[in-house]
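Notes follow the structure.
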Amino acid sequence: MISRNFKNVLVVSVGFLSLFTAYGGLQSLQSSLNAEQGMGVASLSVIYASIIVSSMFLPHIMIKNLGCKWTIVAGMACYVSYSFGNLYPGWYTLMPTSAVLGLGGSPLWSAKCTYLTIAGNAQASKDGKKGPDVINQYFGIFFFIFQSSAVWGNLMSSLIFGQDSNIAIIPEDQLQACGAADCNLNLSINSTTTRPAQELVWTLVGCYIGVGVLAMIIVAVFLDNIDREQSSQFRENREPLSKTFLATFRLLKDWRLLTLIPLTMYSGFEQSFLSGEYTKNYVTCALGIHYVGYVMMCFGATNSLCSFLFGRLARYTGRAPLFFLAALANFSCIIALLFWRPHPDQLPVFFVFPALWGMADAIWQTQTNSLYGILFPRHKEAAFANYRMWESLGFVIAFAYSTFLCLEYKLYILLAVLVATVITYPIVEYHEHKHPQPPVDEAEYLHRNKEGFGKDGGKIIRQTQL
C-alpha cells in the first residue's frame, strides 16, 4: 500500500501532466504558428511578465486563504483560458488570456511546490528519514510524470498537423539561412512557415481545452486538502495586507536568495531558448512546423526519465555534481549550435540537441525546486514565489529580445547567464554545507503554528548534503 502523501504526489503530478500537455504544446508552437508580427512570442512575453507581477503578492494571499489544493485548481483554470484564446488567435484574444494565465501561474506553481514540500516533510517525519531526501524524491517523481507532458502534447500537434496537405518543400537557398548562419532570418517572418489549415488548428486546440479541464477535475476530486487547518486559522487571524503583499520581497533580505537569482533566471533563459528559438530557427526552418512536435517529444521523454533518475540519485551524489553536469551539457550544446548549419539530411542531429537539453533541464528543475524548499523552510510560499518571479523574468527578457536580436547574440547571452550561474551557485551550496543544522519535522512545525499561523514559532530546519 502506498502512503497517503505519496498518493497526493501522484495526483498533483497527473494533474500537471494533463494541464501542461495542453500548455506545453501551445508554447512550443507559438513562435511558428502565430508568427505574424511576432504575435505568438509577444503572448509568451505577456504571460511571463504577468507571472512576475502575480509573484509579488498573489501566491502568499491565495495559498494562505484557499490552501494549496484550491489554489492549484484556480491556477489551472487560468491556464485553460489561454487555450480558449488560441481558438481565434489575435491581439485582442491572445493578450488578455496570456495575462490571465500569468496571474494564475505563480500561485499555481508556488502552491504545488509548497504542497510537495509539506508532504515530503510529513512523510520524512513518519518514516524517520531526512526531509531533503524525501523532498528530492517527491520532486523527482513529480517532474518524471510532469515532463512527459511534452511528449503527449507535442505528439498531438505533430499527428494532427501531419494531416495537412499544404506541407511545403523547403528550398535549398532557405536552408542556407537556418541556424545561427544568417541574422536576417531572425528579423523577419520565416517564409517556409506555412500555417496549417484552420480546421486542424481548431481540432488541436479543442483537444488541449479538454485535457486542461480534465486536470482541474482530477485535482479537485482526488487531491487531499493537506493544509486546510492552517488556511482556516489564517482566515481567522489575517495579517495586515501590507505584510502579505510584501512577503515575497521581504525574503530578498536573505543573501542566499539574491545569490541564487542567476541560477533561477537561467532556468527561464534555457527553457525559452529551446521552445522559442530552437523550434523556429532550426526545426521549423529546416524541416517544417510539423516536425516541431516530434523534436520536442524527444526533449520531453529525456526530461521525464532524467527527472526521475536524478531525483533519486541526488541523495547519493548531492546537488552540486548534478548542477555541474547540467551546466556542462548546456555549455556543449550552445557551442555546437553556434557552428551547426541544420539540413534535412542530418535528421538525427535535430533530436540530439533536445535530448541533451532535456537531461540538463531535468536537473535544473528538480534540484532548483528542491533547493528552494530546503533553504527556506519557514517561508515556503514566499520562496517559491521568488523562484517563479525570477525564472519568469528570464523568460520575459529572452522572449522580449527574440524578434530583434540575431540568433548568434542570443546564444552568447545564454552562455553568459550560464557562466554567472556556475560562479554564484557554489557560494550558496558551500555555505549550506559548512553550516548544517539539525532537522525539525513537519508535524512539529504545524503544531507550533496552531497558535497563530505564520509566526516564527514553527521553525523547520533541515540538514542538506553537498
Revision key, fill the gap. XL table 129/434; 64/410; 253/434; 7/253; 64/280; 7/380; Cα-Cα > 31 Å flagged, in table order, is 64/410; 7/253; 64/280
Revision key, fill the gap. Expressed in µm² per second, the diffusion coefficient of the range 38-146 from the Stokes-Einstein equation, with Rh the Kirkwood radius over alpha carbon pairs, at 37 °C and 0.692 mPa s, is 218 µm²/s
**Study point:** Where Rh is the Kirkwood radius over Cα pairs, Rg/Rh for the range 343-397
**Key:** 1.21
Practice item. Could you please state, rounded to a whole Å, how far the C-alpha centre of the range 365-414 is from the C-alpha centre of the range 259-298? Key: 15 Å
Review point. Among 329-335, 136-142, what's the highest-first ranking by average C-beta atoms within 10 angstrom per residue?
Key: 136-142, 329-335
Check your understanding: For the range 299-397, what are the per-bin percents of Cα-Cα distances with bins 5 Å wide, up to the bin holding the maximum?
Key -> 2, 12, 18, 19, 20, 14, 8, 4, 2, 1, 0
Practice item. For the range 254-301, count the residues as N, evaluate 2.2 N^0.38 Å, and divide the Cα radius of gyration by that value, please. Key: 1.56
Study note, to complete from the structure: Accessible-area order for 144, 222, 339, largest to smallest, probe 1.4 angstrom, reads 339, 222, 144
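The values are calculated or read from the model by the stated rules, or taken from the named source; none is laboratory data. None of the values given here were measured: they were computed from a predicted structure. Don't worry about glycine lacking a Cβ; one is built from the backbone with ideal geometry, like all the others, and counts go over all protein chains shown. Quick note on the areas: whole protein, heavy atoms, side chains included, nothing else; ligands and nucleic acids left out. Shrake-Rupley method; radii C 1.70, N 1.55, O 1.52, S 1.80 Å.
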